[in-house]
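Below is one structure, written out as structure tokens; comments come after it.
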Amino acid sequence: MAHPNTCSTGCPARPCPRHDHPVTLPPPVRLVRAPALAPTVPYAYAAALELPVVGRLVFTAGACPIDAAGATVAVGDVAGQAVQVMANLRAALAAAGAGLTDVLATTVYVASSDRQDLVAAWDEVRAAMGDHDAPSTLMGVTVLGYPGQLVEVQAVAVAGAQMGGRSS
């Protein structure tokens, strides 16, 4: 059986020097479903980064619900803050050359002990992530850094990933 990163004739070179066709490579981030674990969760249980990858790992700071002037938005509104947090996370990832579909994993912090607040934040995070349901940890915490802050999301992504020297 040919390696998955080879041309249809089994040539392992990228691009294939003997054949006049591009080599299709798998995406570098593979979201993993664990058959032995509950299939009803709204996220992948793990994310694997296929190697060798030419690119860079991106570790974001926690994206916070602050506007361009540094003011906390949607004070008292978990869902509203989560929307701003995800917009800010998109901006941070974009500045590093990545996007939400490049995310390997997230950690979602909600300053609340009420599970309804956690679910409200999670619903917005999941909506922003779309079909890319990367592994995530959701937790309630006592307090976050900015006055009035209720939500924060930290992410790890792979930016500009290329496999074997070709964009995926």
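Across segment 110-135, what is the number of residues that are modelled with pLDDT under 95 and more than 15 Å from the chain's Cα centre (by Cα)?
Matching residues across segment 110-135 total 0.
Can you find, within segment 51-81, the residue that is surrounded by the most Cβ atoms within 10 Å (Cβ to Cβ) among those that are within 15 Å of the chain's Cα centre (by Cα) and within 24 Å of Ser112 (Cβ to Cβ)?
Among residues in segment 51-81 that are within 15 Å of the chain's Cα centre (by Cα) and within 24 Å of Ser112 (Cβ to Cβ), the one surrounded by the most Cβ atoms within 10 Å (Cβ to Cβ) is Ala63.
Going residue by residue through segment 78-100, is there one that turns out to be without any contact (Cβ under 8 Å) to a residue 60 or more places away in the chain and under 17 Å from Ala47 (Cα atoms)?
Among the residues of segment 78-100, at least one is without any contact (Cβ under 8 Å) to a residue 60 or more places away in the chain and under 17 Å from Ala47 (Cα atoms), which makes the answer yes.
Check Leu104 against each of (1) under 18 Å from the mean Cα position of the chain (by Cα); (2) modelled with pLDDT of 95 or more; (3) of a type in the set (A, V, I, L, M, F, W, C) and name the one condition it does not meet.
Only one criterion is unmet by Leu104, namely (2).
Would it be correct to say that Ala157 is modelled with pLDDT under 95 and crowded, with 19+ Cβ neighbours inside 10 Å?
yes
Confirm whether Thr142 is under 28 Å from Ala69 (Cβ atoms) and polar (S, T, N, Q).
Values: under 28 Å from Ala69 (Cβ atoms): yes; polar (S, T, N, Q): yes.
Against the criterion (under 28 Å from Ala69 (Cβ atoms) and polar (S, T, N, Q)), Thr142 qualifies.
Based on this model, can you work out whether Ala71 counts as at pLDDT 85 or above and either in contact with a Leu (Cβ under 8 Å, 6 or more places away or on another chain) or under 24 Å from Ala95 (Cα atoms) (or both)?
It is true that Ala71 is at pLDDT 85 or above and either in contact with a Leu (Cβ under 8 Å, 6 or more places away or on another chain) or under 24 Å from Ala95 (Cα atoms) (or both).
Among Ser136, Ser112, which is the only one that is surrounded by 12 or more Cβ atoms within 10 Å (Cβ to Cβ) and in contact with a Lys or Arg (Cβ under 9 Å, 6 or more places away or on another chain)?
On the way: Ser112 fails: in contact with a Lys or Arg (Cβ under 9 Å, 6 or more places away or on another chain).
After ruling out the rest, the residue left standing is Ser136.
The values are calculated or read from the model by the stated rules, or taken from the named source; none is laboratory data. These numbers were taken from a predicted model, which means no experiment stands behind them. Methodologically, a virtual Cβ is constructed for each residue, glycine included, from the backbone with ideal geometry; neighbour enumeration extends over all protein chains shown.
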